[in-house]
1. Are any residues in segment A:410-448 assigned to a helix (DSSP H, G or I) and loosely packed, with under 14 Cβ neighbours inside 10 Å, and if so, which ones?
2. Being surrounded by fewer than 23 Cβ atoms within 10 Å (Cβ to Cβ), touching a helix residue (DSSP H, G or I) at 6+ places or on another chain (Cβ under 9 Å) and at pLDDT 80 or above, is that true of even one residue in segment A:16-24?
3. Show the residue pairs that are 6+ apart or on different chains and have beta-carbon atoms under 7 Å apart, the first residue being within segment A:410-421 and of a type in the set (V, I, T), the second being surrounded by fewer than 15 Cβ atoms within 10 Å (Cβ to Cβ).
4. Give me a count of the residues in segment A:326-340 that are more than 7 Å from chain B (Cβ to nearest Cβ) and either outside any helix (DSSP H, G or I) or crowded, with 19+ Cβ neighbours inside 10 Å (or both).
5. Tell me, yes or no, whether segment A:407-415 has at least one residue that is within 14 Å of chain B (Cβ to nearest Cβ) and within 23 Å of A:S304 (Cα to Cα).
6. Based on this model, can you work out whether A:A343 counts as within 7 Å of chain B (Cβ to nearest Cβ), touching a helix residue (DSSP H, G or I) at 6+ places or on another chain (Cβ under 6 Å) and part of a helix (DSSP H, G or I)?
7. Going through segment A:286-325 one residue at a time, which ones are hydrophobic (A, V, I, L, M, F, W, C) and buried (at least 18 other Cβ atoms within 10 Å of the Cβ)?
8. Those residues that are at the interface with chain B (Cβ under 9 Å from one of its Cβ atoms), within 24 Å of the chain's Cα centre (by Cα) and under 23 Å from A:A254 (Cβ atoms), I need them from segment A:305-325; list them, please.
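The values are calculated or read from the model by the stated rules, or taken from the named source; none is laboratory data. All values reported here derive from a predicted model rather than from experimental measurement. Every residue, glycine as well, gets a Cβ built from its backbone with ideal geometry; the counts of neighbours run over all protein chains shown.
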Amino acid sequence: MPCRRRWPTWLRMRTPVSAADHRTVGELLADSDALARETLLDATPDHAPAMVRSWNQLVGSAAELWAVLPSAPDSPSGLDPMERLRAVGEAIGRSVTAGHWPGQGPTDEHLTQIADNLTRARHLVEPHGRHSQQAAPETQRDSHDLHGQLMHTLYVAAHGTAVALGARVTDLQHRLVTGERRRQPLAERPTALEITAAQDMIARFDGFERLAGAYLFGLPSTSANPDQVRQAAPATRLETALAAWEVQAHRTLANYPDPADLVRVARVQALITSTTSILTEAAARRGHIDLEVIQRLAPALEASQTAWSRTAKRWGELTSPASRTDPALVGAASEVRAAIAAAATNQTGWATVKELATRLHLPDAVKTLHLSVVASIDIAYVVRDTAADHSGLTAPARIIGMRAQGEAEIAIEQGETRYEGVTWTTRGQIAANQLIPLPEPARRGLINLADDVITTTNQAVAAAAQLHPSHVKAANRSAPEAHRGRSVEGLQIGRPHDPRLGGPRR
Amino acid sequence: MSRQHMDADTAETLAGVVRLLRRAAELVWAAVDADGAGSPRQVLGWGIDLAADLARNLLPDAILVDGPMPVGNEPAGLLRSAEQLLRRVTTPGAGTRLHALQAQVADLVKDANTGVGG
């Protein structure tokens with residue numbers, strides 16, 4: 001059941017809807033954008049869980065409309081930018097369905113209404129087909145405008161959801177402190193776990209917002225936004241490979257992955273992070289980046305790379321000789337490796353600064369890689385969900401018995417009593433080195449490692465905020481301390497001054 | 001060459017290739033860990049992992065990849081052995097995936113002999 005009052009009319013800017021909906025595609029898109037903006041003004045703590053639950057449906061509807069709009073613009077990467085966002089939306093949806101916070105419950109009326117509008121718009125466009133010579137009159141507008149407007153709706157809605165989540169976190173923290181002070185029964189107080197889960201969700205929506213923003217900022221100029229956007233960068237192999245990789249990683253992880261898949265995902269992310277570090281440093285040496293920024297960023301990227309490498313190593317312990325990697329993942333990873341090798345290495349190791357500057361437009365390449373680091377945060381969340389939920393995880397008894405014992409001892413030291421006196425493997429299992437279901441402490445170890453990746457990568461993203469002035473606000477929100485006290489006042493998303501949208505307005 | 005129509009000799013040879021590549025990858029990743037963050041050897045380690053995945057995916061499920069750990073502590077030597085074994089697979093009409101694997105391992109041998117992998 002949708003949650004939120006019906007049709008708020010404070011702005012009176014949406015097209016009135018009669019019993020028979022006669023709105024045009026343009027009106028449906030404009031109404032959706034207006035609804036998205038209303039989420040900002042209605043971003044109260046109570047709305048946040050419902051908004052998260054509605055997110056996958058909204059992104060799915062947007063992706064379906066995007067696919068039928070005439071001549072979708074080629075992104076600089078050559079890969080449909082909506083695919084990336086759809087992968088993230090689906091990952092969030094799966095997490096909720098699996099029972100992670102906020103779990104099942106009411107959906108959000110605003111976001112559901114936007115999704116319905118977009119579905120209605122798709123029905124209007126579809127008969128004409130994206131390749132049809134005779135497009136619907138409403139879709140004859142510059143296709144960049146239509147795609148831009150649709151992307152802008154997602155961009156603002158993601159921001160609105162993150163704001164509502166921020167308010168939720170503040171509210172939960174307040175209730176926790178008050179509950180402790182008044183000695184309320186534990187059952188009536190929020191848990192620290194719930195607060196962390198809501199903070200995690202903020203980071204995921206921040207990532208989504210930045211990916212959508214990257215598309216908007218990359219649009220070529222239109223009459224409506226002559227000064228707001230840069231010229232689209234020429235397509236690069238690296239950009240294409242990274243975008244395809246993110247989508248494939250999400251797909252593989254969604255489909256009962258083998259531990260070998262997790263190893264590959266973590267190794268690729270470590271390599272991407274290393275490459276980001278090398279190119280960012282080269283850009284700094286060439287004067288494209290402030291040295292102060294690189295001093296903060298370099299250690300953060302190093303920590304993220306190390307966390308991904310540790311994750312790969314630990315998942316490697318779960319593999320067996322029979323393990324198989326998803327061939328599609330291998331294909332996408334091969335392309336990332338080849339693109340990185342061609343762009344950033346030479347016969348003896350990493351390419352020199354001079355070589356890098358000759359081969360690449362460093363500022364653009366750095367931006368591409370940092371965007372990939374942003375996207376990797378959501379991949380890390382999916383890795384964590386996999387560690388928590390994948391019921392089919394098994395591991396060879398010898399190594400995992402030792403690992404489970406080690407993790408159990410750490411947990412016992414931290415006050416966990418359930419693991420005291422428990423043995424995780426039998427003698428028979430050890431003797432035969434049998435594959436056994438993953439014991440809980442070993443699973444917990446994998447979750448902790450994913451948490452390390454999330455924390456360190458968020459720090460790297462926050463440190464990189466100044467690489468792209470448009471992302472400063474979003475990245476700053478990722479810092480844990482910024483999750484507190486998030487409010488509507490800090491937002492600068494304005495009303496569209498022209499329906500011919502193109503760039504972000506914030 | 002499909003997984004279903006693979007003869008026993010070819011399957012055993014490819015299983016040997018998988019073991020060699022996995023051992024070589026293990027050694028390179030150990031070196032990457034020793035190097036610390038940002039090691040350029042990641043590119044080689046990754047390449048070997050991918051080649052091992054390709055080889056593994058050529059084999060039918062029924063073929064066991066288990067076997068003795070290959071002798072040797074030099075990634076370049078293990079890769080050369082894998083390359084030589086792959087040359088033995090001369091099944092008529094061998095698929096493009098096998099040819100891709102042979103080319104990839106040949107490239108890895110070169111990489112392992114340079115500063116990146118050595």
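1. Step one: list which residues in segment A:410-448 are assigned to a helix (DSSP H, G or I), which gives A:410-413, A:427-432, A:440-448.
Passing the criteria: A:E413, A:R427, A:G428, A:A431, A:A432.
2. yes
3. Filtered contacts from segment A:410-421: A:I412/A:E420.
4. So the answer is 5.
5. No: zero hits.
6. The answer is no for A:A343.
7. Here is the first cut: in segment A:286-325, the residues hydrophobic (A, V, I, L, M, F, W, C) are A:289, A:291, A:293-294, A:297-298, A:300-301, A:303, A:307-308, A:312, A:315, A:318, A:322.
Correct list: A:I289, A:I294, A:L297, A:A298, A:A300, A:L301, A:A303, A:A307, A:W308, A:A312, A:W315, A:L318.
8. Those that are at the interface with chain B (Cβ under 9 Å from one of its Cβ atoms), within 24 Å of the chain's Cα centre (by Cα) and under 23 Å from A:A254 (Cβ atoms): A:A312, A:T325.
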